[in-house]
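Just below is one structure, and these are the notes that go with it.
Every number in this text was worked out from the coordinates using simple rules, so none of it is lab data. In this text the structure is predicted, and so the values were computed from the model without any measurement. We place every Cβ from the backbone using ideal geometry, glycine too, and count neighbours over all the protein chains shown.
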Amino acid sequence: MIRHVAIIGAGFSGTLQAINLLRHDGPRATLIERADEPGKGLAYGAAYPDHVLNVRASNMSALPDDPGHFVRWLAANGREDAGATFVQRVTYGTYLRDQLNEALAKSGDRLTVVKADVRDVQQTGVGAAVTLTDGRTIAADTAVLAVGNLPPHDPPGFGDSLSADRYKSDPWDRSVPLGLSDDDTVLLIGTGLTMVDIALLLESSGFKGRIVALSRRGLLPHRHDAPGPMHAKLAERPVAPPSELVAMVRGRGEEIGWRSAVDELRPYTQAMWANGTDAERQRFLRHLRPWWDVHRHRLAPQVADRLAAMQARGQLEVVAGKTIAAEEGPDGIAVTWRRRGSDSPETLVVQRIINCTGPQGDLTRTTEPLLATLQQRGVVRADPARLGLDVDGCARTIAANGEPNEWLYALGPMTRGAFWEIVAVPDIRQQTWNLARRLSNAQWVGGEGL
């Protein structure tokens, strides 16, 4: 019987795992977090005031069995009729922290938060031993890795050869908007959601210089539209493999609009991904993922408007191409790059480069000490697509020998290799609910399954 669960990481995934264990009257939990403030994670703890959610408030409840929970919390905190709005991410971070504080107040000794970093997790005869960097050990029956997103990988030719002032490998480094003049040029590598956040951050910080955003295809996320008319949704899961998702959306989009075509697949994408072969998944990732991402992960209208205004006045330029080399000099970094469809290299001199390629999960390249240690010992392994940790359908981590670990689970974005759609709140809240049911032996409890 599981009596104690150690949860490593107190961002959204880990915090919700602890809360759901309490809600299912399950085993006691120890929530371990190295940051000063548990309950927010990078997504909501590092956000700036003008960063907003990419999902309407009505679908951002942390609880899958109570879809109106977040909207009620907003109303109780002075935000009436906010269901259709895109609220600030810092506000959502406060919401999560409130839920954790409430759980702590009600839990007695069933929930403990420990501020520490984890060095190792080892299997014992009765479960798991979590070793902290300060030398303490926490004994548990089961451990859960909820480490969130990993930092972006440095593009080839970037990294240690460039100074920390000129090249920001971490887009959430608080120094990113500092020390720039209006005569400077900033290069943002990547054109996805991270780039959008950083472009808006630079603008709101008063930077009036030139911003160039570069990615291989130069695709920007699309905007959310006002809710459209109701239509008959798919009655069953499509049988097409992952590699045909984009073509399917295009065809269906001609009937009901592309936004509705993407959204109606949401209940089925995890199953479609799971049923695909490794070759089909790789084909999707190699050729179709950029188009899927810009349609699936959309911008709040007010964010799309700001971005369009920056482009219209010439401050932001989005280009498709590939970087070749970067050489730092007294006036900045000379970046050699090639436009998409061209054989002729160009040189762009910039005063700062910010890596906005987005979170990565290739376990073979990780610099996260705990994950590197577990992989070296063969406790965990990378998934075949190199998207994160290899897990099974129950979220059990898979060891190097191919066997599932009954004592070590994983949650959140690092499990996208198995589930694909597991980076947004609606998906992760259901995953944490399901695992809490399993660990609490409460599989009979029904969730709404949003």
By how many nm would the segment from ASP66 to VAL349 lengthen if fully extended, with 0.36 nm per residue of separation less the alpha-carbon distance?
-> 96.7 nm
Given the peptides 384-395, 278-289, 299-310, arrange them by the average over their residues of other C-beta atoms within 10 Å, most packed first.
-> 384-395, 299-310, 278-289
Amide N of segment 152-171 lying under 15 Å from the label point, which is placed 7 angstrom from the Cα of ALA372 along Cα→Cβ | 152-154, 160
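Sort the following peptides by mean Cβ neighbour count (other Cβ atoms within 10 Å, averaged over residues), highest first: 348-357, 57-66, 14-23. List each step's numbers first, then the result.
Numbers: 348-357: 22.3, 57-66: 19.2, 14-23: 26.8.
Averaged packing, sorted descending, gives the order 14-23, 348-357, 57-66.
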What nm distance separates the two modelled labels at ARG216 and GLU236, each placed 7 Å from Cα along Cα→Cβ?
-> 3.6 nm
Hey, what D do you get for segment 242-296 in µm²/s if you plug the Kirkwood alpha-carbon radius into Stokes-Einstein at 37 °C and 0.692 mPa s?
-> 291 µm²/s
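Scan the chain and note any complete DSSP helix (H) whose C-alpha atoms cover at least 15 Å along its axis and whose Kyte-Doolittle average is 1.0 or more. If you can, show how the numbers build up before the last one.
Numbers: long enough: 12-23 (16 Å, 0.59); 89-107 (27 Å, -0.68); 193-204 (17 Å, 1.59); 245-256 (16 Å, 0.30); 301-312 (16 Å, 0.04); 425-439 (21 Å, -0.84).
Span-like helices, by this rule, are 193-204.
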Ratio of Rg to Rh over the chain (Cα coordinates, Kirkwood Rh, two decimals) | 0.96
Roughly speaking, what is the centre-to-centre gap between segment 1-44 and segment 342-398 when only Cα atoms are used, to the nearest Å?
-> 24 Å
For segment 3-81, what does the alpha-carbon gyration tensor say about shape, rounded, prolate or oblate, given a ≥ b ≥ c as the root eigenvalues, a/c under 1.5 as rounded, and a/b over b/c as prolate?
-> oblate
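Note down the net charge around LEU387, summing +1 for each Lys or Arg and -1 for each Asp or Glu among other residues with Cβ under 11 Å from its Cβ.
Computed value for this residue: +1.
Give, in whole angstrom and from largest to smallest, the semi-axes √(5λ) of the equivalent ellipsoid of segment 132-230, with λ running over the eigenvalues of the Cα gyration tensor. List each step's numbers first, then the result.
Working: eigenvalues 203, 120, 41 Å².
After scaling each eigenvalue by five and taking roots: 32, 25, 14 Å.
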Using the 2.2 N^0.38 Å rule of thumb for compact globular proteins, work out how segment 37-145 stacks up: its C-alpha Rg over that value, please.
-> 1.33
Alpha-carbon radius of gyration plus Dmax, which is the widest Cα pair, for segment 185-325 in Å | 17.4, 51
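Suppose R0 equals 56 Å. What FRET efficiency, 1/(1 + (r/R0)^6) with r the Cβ-Cβ distance, do ASN441 and ARG166 give to the nearest 0.05? Don't skip to the answer; put the middle values down first.
Details: r = 54 Å, r/R0 = 0.97.
Rounded to the nearest 0.05, the efficiency is 0.55.
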From phi via Karplus (6.51, -1.76, 1.60), per-residue ³J(HN,Hα) for segment 387-401 in Hz, x at Gly/Pro | 9, x, 7, 7, 9, 9, x, 9, 6, 6, 5, 10, 7, 4, 7
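At 222 nm, what value in deg cm²/dmol follows for the chain if DSSP H runs of at least 4 each add -39500 (n - 2.57) and the sum is divided by all its residues, to the nearest 500? Walk me through the numbers on the way to the answer.
Numbers: 14 runs with 134 residues, N = 450.
One gets -8500 deg cm²/dmol as the mean residue ellipticity at 222 nm.
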